[in-house]
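Before any comments, here is the structure.
Throughout, read-outs are computed from the coordinates displayed, never taken from laboratory work. The shown structure was predicted, so the numbers you read here are calculated from the model rather than taken from an experiment. Cβ placement follows ideal geometry from the backbone for every residue including glycine, while neighbour counts extend to all protein chains displayed.
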Amino acid sequence: MEGMIEKITKWLHNIAEVILLLIMLWITFDVLGRWLFNHPIKGTVDFTELGLSMVVFLSLAYTHLHKVHVTIDFVVEKFSEKVQWIFECVINVIIAAVLSIVAWSLVMNSQRLLHSNTVTADLYLPVYLFVIIAAIGTVVFALSAVSHIVAYSKKIININKPIENKHLVSNESRIQEVVNSNES
């Protein structure tokens, strides 16, 4: 499950990077068009608004999964490692629950936007499509929180158990085989 979530978050993050690049190019050409030809590109505001929302919703899961977001942990870091893991589990349960509600709300909102035929002002793009994409990003974000819940739960359960390294055991047996073959 973790590998699949990793691939999906990376894929969504790459899409967000492309969208951000397109926004940058669009705004650059819009400014140049205004300055050189006194004619801006139609739909710049629409594209920028929708694009930035897509960048945010498609990047959040990747940011959370790789823990590259800003955290304030000066209180939590004073506790033992096990207590910190428990805090992380609880926080991720809350995150997953809230994001599930947000995703459901986005889906319901997209249906209302679809039935009301809501479109953007300049480009006449259907808004519900972008809300559905935001819902997908939110679901993947919730799944990344669930992935953290599983990982921290495993750490909490296995804290007092010695971790077996199967690769190390197999390497030791290979070394023993080599030593035995050299002796004969």
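Could you compute the net charge surrounding Thr48? Neighbours are other residues with a C-beta less than 12 Å from the C-beta of Thr48; K and R count +1, D and E count -1. Spelling it out: positives minus negatives among the neighbours equals -4. For the chain, the membrane-span-like helix rule (DSSP H, alpha carbon extent of at least 15 Å along the helix axis, mean Kyte-Doolittle at least 0.5) picks out 2-37, 44-65, 81-115, 127-157; this says nothing about an actual membrane. Among the listed pairs Lys10/Lys82; Lys82/Lys154; Lys7/Lys82; Lys67/Lys155, those with a Cα-Cα distance over 21 Å are Lys10/Lys82; Lys7/Lys82.
Taking the helices alone, the chain has a mean residue ellipticity at 222 nm of -27500 deg cm²/dmol, built from -39,500 (n - 2.57) per DSSP H run of at least 4 residues and averaged over all its residues. Normalised by the number of residues in segment 2-160, the mean separation of alpha-carbon contacts (under 8 Å, six or more apart) gives a relative contact order of 32 percent. For segment 41-128, the Kirkwood hydrodynamic radius comes to 16.2 Å, computed from all pairs of different C-alpha atoms.
Mean shadow of the chain, computed from the convex hull of its alpha carbons, in nm²?
18.2
If I take all pairs of Cα atoms in segment 1-55, what percentage of them are more than 15 Å from each other?
Result for the distance tail: 56 percent.
Applying both filters, DSSP loop and at most 11 other Cβ atoms within 10 Å, to the chymotrypsin sites (Phe, Trp or Tyr not before Pro) of segment 82-128 gives Tyr124. Close amide H contacts of Val119 (hydrogens built in the peptide plane, cut-off under 5 Å, sequence separation of 5 or more or a different chain): Val127. Out of all Cα-Cα pairs in segment 75-124, roughly what percent, to the nearest whole number, are more than 16 Å apart? Tail of the P(r) past 16 Å holds 63 percent of the pairs.
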